[in-house]
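K.L.:
Structure provided below as structure tokens; questions to follow.
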Amino acid sequence: MINNKILGFLGLCAKSGKLCFGADSVEQEIKKKKVKIVVIAEDSSERTKIKFQTLCNNYGIPNIITGKIADISKAIGKSNKAIIGIKEENIAKQIEKINYGGEGIG
């Protein structure tokens, strides 16, 4: 179950153009060290989860597995997006905080 605040932050990032989505785009942005946190949908394939967790670990980028593809996609106004890269430092920190039990802004 994804926290609604995380969905809200994803929406904010989408509006401000501070996110990338889709496996290829997120992978490129990780390699350019632009991504601050990666959100992986719970219902993405095991192969996808392992690939992005490994990639994030190699580049020292936090990652969380939360939410369903449908919910994440709806929050950013796209369809069928399982991988989201957040490029905004402050929002990435808030998402991480909320995910691990702290409360974010608002």
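The values are calculated or read from the model by the stated rules, or taken from the named source; none is laboratory data. Bear in mind that the values here come from a model prediction, so they are computed numbers and not experimental data. Using ideal geometry, Cβ is built from the backbone for each residue, glycine included, and neighbour counts are taken over all protein chains shown.
K.L.:
Can you name every residue in region 30-54 that is crowded, with 19+ Cβ neighbours inside 10 Å and closer than 13 Å to Ile83 by Cα?
P.N.:
Start the filter on region 30-54 by keeping residues that are crowded, with 19+ Cβ neighbours inside 10 Å, which leaves 30, 35-41, 44, 52.
Scanning region 30-54 gives Ile30, Val35, Ile37, Val38, Val39, Ile40, Ala41, Ser44, Phe52.
K.L.:
Would you say Ser73 is out of contact with any helix residue (DSSP H, G or I) (no Cβ under 9 Å at 6 or more places or on another chain) and at pLDDT 95 or above?
P.N.:
Values: out of contact with any helix residue (DSSP H, G or I) (no Cβ under 9 Å at 6 or more places or on another chain): yes; at pLDDT 95 or above: yes.
Judged against the criteria, Ser73 is a match.
K.L.:
Any residue that is under 14 Å from the mean Cα position of the chain (by Cα), within 20 Å of Tyr100 (Cα to Cα), in a loop (DSSP other than H, G, I, E, B) and of a type in the set (Asp, Glu) - is there at least one of those in region 66-74?
P.N.:
No, region 66-74 contains no residue that is under 14 Å from the mean Cα position of the chain (by Cα), within 20 Å of Tyr100 (Cα to Cα), in a loop (DSSP other than H, G, I, E, B) and of a type in the set (Asp, Glu).
K.L.:
Quick one: Ile98 ticks every box in (1) more than 16 Å from Phe9 (Cβ to Cβ); (2) part of a helix (DSSP H, G or I) bar one, so which box is it?
P.N.:
The number of the failed condition is (1).
K.L.:
Looking at (1) assigned to a loop (DSSP other than H, G, I, E, B); (2) in contact with a strand residue (DSSP E or B) (Cβ under 6 Å, 6 or more places away or on another chain), which is the one condition that is false for Cys56?
P.N.:
(1)
K.L.:
I'm trying to understand the selection: among the residues of region 24-50, which are hydrophobic (A, V, I, L, M, F, W, C) and closer than 17 Å to Asp71 by Cα? Steps first, please.
P.N.:
Quick first cut of region 24-50, residues hydrophobic (A, V, I, L, M, F, W, C) only: 26, 30, 35, 37-41, 50.
Those that are hydrophobic (A, V, I, L, M, F, W, C) and closer than 17 Å to Asp71 by Cα: Val38, Val39, Ile40, Ala41.
K.L.:
Okay, next question. For region 71-91, give me the residue count where each residue is without any contact (Cβ under 8 Å) to a residue 24 or more places away in the chain and buried (at least 18 other Cβ atoms within 10 Å of the Cβ).
P.N.:
1
K.L.:
Just name the residue that is surrounded by the fewest Cβ atoms within 10 Å (Cβ to Cβ) out of those in region 17-29 that are more than 10 Å from the chain's Cα centre (by Cα) and not in a helix (DSSP H, G or I). Break it down into steps so the answer makes sense when it comes.
P.N.:
The initial filter retains those residues of region 17-29 that are more than 10 Å from the chain's Cα centre (by Cα), namely 17-18, 22-25, 27-29.
Pick out the ones that are also not in a helix (DSSP H, G or I) and you get 17-18, 22.
Numbers: Gly17: 9, Lys18: 18, Gly22: 15.
Among those residues, the one meeting the criterion is Gly17.
K.L.:
Confirm whether Leu7 is in a helix (DSSP H, G or I), in contact with a helix residue (DSSP H, G or I) (Cβ under 6 Å, 6 or more places away or on another chain) and modelled with pLDDT of 95 or more. Working first, answer last.
P.N.:
Details: in a helix (DSSP H, G or I): yes; in contact with a helix residue (DSSP H, G or I) (Cβ under 6 Å, 6 or more places away or on another chain): yes; modelled with pLDDT of 95 or more: no.
No: the conditions fail for Leu7.
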